[in-house]
Amino acid sequence: MTDTEKTMPAVQALAPGDLRCIEAKTPEPAPGEALVQTAVASICGSDLHMAGLGWGIPRWPAPPGHPGHEAAGTVIQSRTPRYRPGDRVLTAPHIWNAKCFARYQAIDDAHLTPIPHGLPFRQAAMAQQLGTVIYAARRLENVQGAACAVVGQGSAGLFWNYMLNRLGAATVIALEPVEHRRSLASTYAADHALDPADPSAAESLMDLTRGRGADIVVEAVGKAETLSSAFDLVRDEGQVMLFGLPETDDEVPFRFGAFFRKRATAHTAFGSQEEPGQPCYVQALNWIARGEIDVKPIASHTLPVEHVQRAFQIARSKDDRAVKVALSF
């Protein structure tokens, strides 16, 4: 590594909502690790909750590069026999150790996945979130023939539309207040798209489910109000997948009475990064590479790392028809 590579641009969260591009020391890979030059790193909803609101970050400033965990790049040094310099990889570290918002990452080989030949980095990086949806969907039962509702049509919700349809759902109903995101729902196999701010939305969902409510509801936002709405939308003895990362470690109120009366089953899913071989990410990369799902409409914005504050602002506000915002290096 040359002298000019001893430091690197990296994002540092100095305080909740205060993100800067700084010069940080380039990490050295330990045995079993590779040094990856990041090409692109996507901003996840969990990053908005962590770097933006402080969830899960015990002290400030956060380490350079943290909490980014969705990235793609090229191995430039390797201390593992599994990867060689020049290999193109998806980097999907565990969220607590993630430092993908930096030009270079030293990352253990268990959290690297080869990128299929010819797949652009921007599209490959989308496989991390799609992989988490594949992983979470395993928790659900009886998806075949089910009426499903997906609350939120950010990138995660759009991937859930696709996944539920692929698993054989009879109907997928998307709920999203932002018009440009709601308009994408059908692109990813939603049969109906409703605006939850419309007073008639709940009635429309009941009509679409023959008065029963949804067999499966996926909450893909991570807000207190959408958590409660999930239990209003689900049918008696239905299933709720709480997929959105919480905004806070504090207590979150929800309508427990609806959950209790309906005898619903609630699932959470966390830990796709820890599966040996990361099979859900391999599957996601293969689907994207084969064109089985087109992620380009979701990959809406890419900004240079120096504009990190603006990138987070776009991701948070959903301005300029934003869906998935990324940083380039």
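Remarks
- Calculated diffusion of segment 1-91, Stokes-Einstein form, Kirkwood radius summed over Cα pairs, 25 °C and 0.890 mPa s, µm²/s: 173 µm²/s
- Cross-link partners of K262 among aspartates and glutamates (Cα-Cα below 19 Å; sequence separation of 8 or more within a chain): E141, E203, D207, D215, E219, E225, D232, D236, E237
- Highest-first packing order for the peptide set 17-23, 277-283, 125-131, 32-38 is 125-131, 32-38, 277-283, 17-23, based on the mean count of other beta carbon atoms within 10 Å.
- When only alpha carbons of segment 139-268 are considered, Rg and Dmax amount to 13.2, 37 Å.
- Sites matching trypsin sites (Lys or Arg not before Pro) across segment 232-329 that sit in DSSP coil, with at most 14 neighbouring C-beta atoms within 10 Å: R255, R263, R290
- Which of A125, T187, G157, positive extreme of dipole for segment 94-213 (C-beta unit charges): A125
- The charge dipole of the chain, taken about its Cα centre with unit charges on the Cβ atoms of Lys, Arg (+1), Asp and Glu (-1) only, comes to about 460 debye.
- Among residues other than L184 with Cβ under 13 Å from its Cβ, the summed charge is +3 (Lys and Arg +1, Asp and Glu -1).
- Taking Lys and Arg as +1 and Asp and Glu as -1, the other residues whose beta-carbon sits under 15 Å from that of R290 total 0.
- Net charge of neighbours whose Cβ lies under 12 Å from the Cβ of K324, counting Lys and Arg as +1 and Asp and Glu as -1: +3
- Peptide packing: for 195-201, 163-169, 136-142, 64-70, the average count of neighbouring Cβ atoms within 10 Å per residue gives the ranking 64-70, 163-169, 136-142, 195-201, highest mean first.
- The separation of segment 112-162 from segment 1-51, counted between C-alpha centres, amounts to 25 Å.
- Per residue of the chain, the DSSP helices (runs of n ≥ 4 H) give a summed -39500 (n - 2.57) that works out to -6500 deg cm²/dmol at 222 nm.
- In summary, the lysines within cross-link reach of K99, defined as a Cα separation below 27 angstrom excluding same-chain residues under 8 places away, comprise K6, K25, K223, K296, K318, K324.
Values quoted throughout were computed directly from the atomic coordinates according to the rules given, and no laboratory measurement underlies them. Keep in mind that this is a model prediction, so the values were computed, not measured. Virtual Cβ from ideal backbone geometry, glycine too; neighbours counted across all protein chains shown.
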